[in-house]
Amino acid sequence: MSELVRRDPRKEWIARNRLHPQHLEVLAELGGGASPSEWLGPNGLMRRDPHAVGFIGPNGIKRIDRSGAQQAAAQSSSRQAQPEDTRRRVEIEAPAFLVAVVPDMPSGRLSSHDRDLLGLARQLADAEPERPGAVLAVIFGEHKETHFDEAGADRLLHLAGEGFAGYMPEARIAALQSVERELTPRHWLLPDSTLGGAELGRRLAVRLGERPATQVWQIEADAASEHGWRCMARGAAGSSDISRTLPRVALALAECAEPVSETRHAAQPVTLAQGLPEVLGRIEDLGAVAVDPAGVALAEAEFILSAGNGVKDWDAYHHAAQVLGATEGASRVAVDDGFMARDRQVGATGTWVTARVYVAVGISGAIQHLQGIQGCDKVVAINLDGGCDMIKRADLAVIGDAGAILAALVAQVERYREQQRENRDAA
Amino acid sequence: MPHNAPQSATRPNVAVLVSVGHHPLTARARRADQDARAVEMALSLNDIQASLIHAGCHDADSDAALCGYLGMGFEAIELIEQSSGADVAPALAEALRDAAPQLVLSGARAETGEGSGLLPYLLAESLGWPIVTGLAAVESIEHGVATVLQALPRGQRRRLRVRLPAIATVESSAPAARQSAFGPARRGELTCQERPGIDDEALAEWRVQPARKRPKRLKIVKATSARDRFKAAAAKAEGGGGQVLNDATPEQGAEAIFKLLREEGVLR
């Protein structure tokens, strides 16, 4: 649509004349469709009608939103559909060098540690604007991540295959060695995390014959060093700082750099010319071992079934936790009333939990409790009251009687387990 | 019972690498926490022959710290003498090649010096043995194969089978070490061994200082209007846009929850 301002003197005249029978229609038309509060005056000035500004709020009181968000929403059909993505697109066609990053990808997605690491890689790659490097992310196995471009990866090497499922450090190292042989990145960056990055990075460094910097938490440019960088690394069980030149392989701690937020990158897929080498592993993964969920510390439990005042049948609740394989948690009320032990309390005065899935049964969500579950990924609420704070926090909320829903859930999980057992027996 | 007293050829040999630790509060030399857990794990194994190996300086402070391991029930520690700034990996690799143990246990990282946790990997690479990290328990050692439990984050465990000889590291997820008894610690002895050391040249170029507090990450708000800035400052922690099932039967509700649990992979 053209951005030229076309003036219609007759309509402007009608808009000025409040007694004209067509006054309101013309006012609405000139005001850009839906908002009659502003229109273009005869001298090119914007005129506004203060009585037409704002909207009637839920309590019947007129509200005025000065940010313009309301009017913008009203005009959105005629002007822009949605706010533009203001991030700059960066494409690096012929990189001077590569910075390889091997993210952890817990549960198939980039963790915040991985994003920090990609931010660190961008610092290394973008140091010289006339000779930019490219950040290469090396991913193993299946993943669910779709935003490598926003995280700052220019190239994406996805090494798929059966061989990388489970604990396969030897196969992964062999694959990384072939990456080294073909692409020869200038830097290798890995997360120094217990999720696997720490181990993989040390194995890689030893295999490449490099002395890595471990527990790096800061880098700074330094022309005197070999690659132009110095790093600050924790040493001696975290009690000292070592300032040294940045070697080729570095294992960085979380929050080592700011994650990428202002640019989008290409995340262009690359492949290895030669296939992956066959590796005869001396370590065999026999699979996960069932652990007693009650024995897992509440602070690091992965799946918590938490009970509050809304739980009436406590035997059924304990049975449900056992069937689901969840660690038990409780709100303060349940603990104070003596239904649960004190060490099971979740919240500001109890334990701050970091579960991936937190199921709150009959918990209304006091602010102290919501603080305690800030670190949880997915929150499921089962509650009778549809207006409580826990429902607002929850990713999935089911309004209803907690006892009946838990019973139905237990029946469903038992059916599922039964089916799994049959399939295993058949196979 | 002293563990390395009766000699037997049939029982598998387990060597534990021990180091001198550093108490985080008093800064005194002590037995290193993770290494003590490795020793504890070796002591908890049945039908094995355990030995302790330490490579480092031979002075009063570190000897007193090493006695902490002797007090856990050992008669001797094999001490490979090295100067204070030396790279102990080659000497240790040589010693292990001579001793030829079936399994080598060690802590994941040292409490002094660089503390990079690289030593077990270097030994594994130079000896050509497999390495397993984060051991929680050793289940069995038989017919040249060890079955071990590996500790994962969030209290999970994984069972692995490793071809021996192998190196395994122990982290703080392993069972805590027993107390060191004073009498056995006094009676035990250090058997010294001379091996040529290699000076660590890179170490001299580094600047080491006491750890300073890491800067806290600032919450950066990129807002274009005053209203957005106010909302960012005053916002409550909310999931935002969660699905709410009103008027659903218990079965429908359970179905929805079950689907979410399946998707997140928490039902085992």
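The values are calculated or read from the model by the stated rules, or taken from the named source; none is laboratory data. A quick note: this is a predicted structure, and the numbers were derived from the prediction, not measured. All Cβ positions, even for glycine, are placed from backbone atoms using ideal geometry, and neighbour counts span all protein chains on display. These accessible areas exclude ligands, DNA and RNA; they are computed on the full protein's heavy atoms, side chains included. Shrake-Rupley method; radii C 1.70, N 1.55, O 1.52, S 1.80 Å.
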Per the list (1) at the interface with chain B (Cβ under 7 Å from one of its Cβ atoms); (2) more than 29 Å from B:THR26 (Cβ to Cβ); (3) open to solvent by less than 10 Å² (accessible area, probe 1.4 Å), residue check on A:ASP241 breaks on (2)
Within the stretch A:405-416, restricting attention to residues that are open to solvent by 40 Å² or more (accessible area, probe 1.4 Å) and either within 7 Å of chain B (Cβ to nearest Cβ) or in contact (Cβ under 8 Å) with a residue 24 or more places away in the chain (or both), which residue is farthest from B:LEU267 (Cα to Cα)? A:ALA407
Just one of (1) within 22 Å of B:VAL170 (Cβ to Cβ); (2) at pLDDT 90 or above trips up B:PRO12, so point out which. (2)
When only residues in the stretch B:194-210 that are free of Cβ contacts under 8 Å to residues at least 12 places away in the same chain and outside any helix (DSSP H, G or I) count, which is most open to solvent (accessible area, probe 1.4 Å)? B:ARG207
In this structure, is A:THR214 open to solvent by 60 Å² or more (accessible area, probe 1.4 Å), β-branched (Val, Ile, Thr) and within 12 Å of chain B (Cβ to nearest Cβ)? no
Every residue in the stretch A:225-251 that is outside any loop (DSSP other than H, G, I, E, B) and either without any contact (Cβ under 8 Å) to a residue 40 or more places away in the chain or over 14 Å from A:LEU189 (Cα atoms) (or both), please. A:ARG230, A:CYS231, A:MET232, A:ALA233, A:ARG234, A:GLY235, A:SER240, A:ASP241, A:ILE242, A:SER243, A:ARG244, A:THR245
Among residues belonging to the stretch A:269-291 that are open to solvent by less than 50 Å² (accessible area, probe 1.4 Å) and within 10 Å of chain B (Cβ to nearest Cβ), point out the one that is nearest to B:LEU149 (Cα to Cα). A:VAL289
Any chance the stretch A:27-47 includes a residue that's part of a strand (DSSP E or B), closer than 27 Å to A:ILE64 by Cβ and at pLDDT 75 or above? yes
Report the residue count in the stretch A:244-268 for those that are surrounded by 16 or more Cβ atoms within 10 Å (Cβ to Cβ), within 14 Å of another protein chain (Cβ to nearest Cβ) and not charged (D, E, K, R). 13
Find the residue count for the stretch A:292-324, including only residues that are surrounded by fewer than 19 Cβ atoms within 10 Å (Cβ to Cβ) and either in a loop (DSSP other than H, G, I, E, B) or within 7 Å of chain B (Cβ to nearest Cβ) (or both). 7
Just checking: which of the strands (runs of 3 or more DSSP E) contained wholly in the stretch B:62-161 hold 1 or more residues that are at positive phi? B:131-142
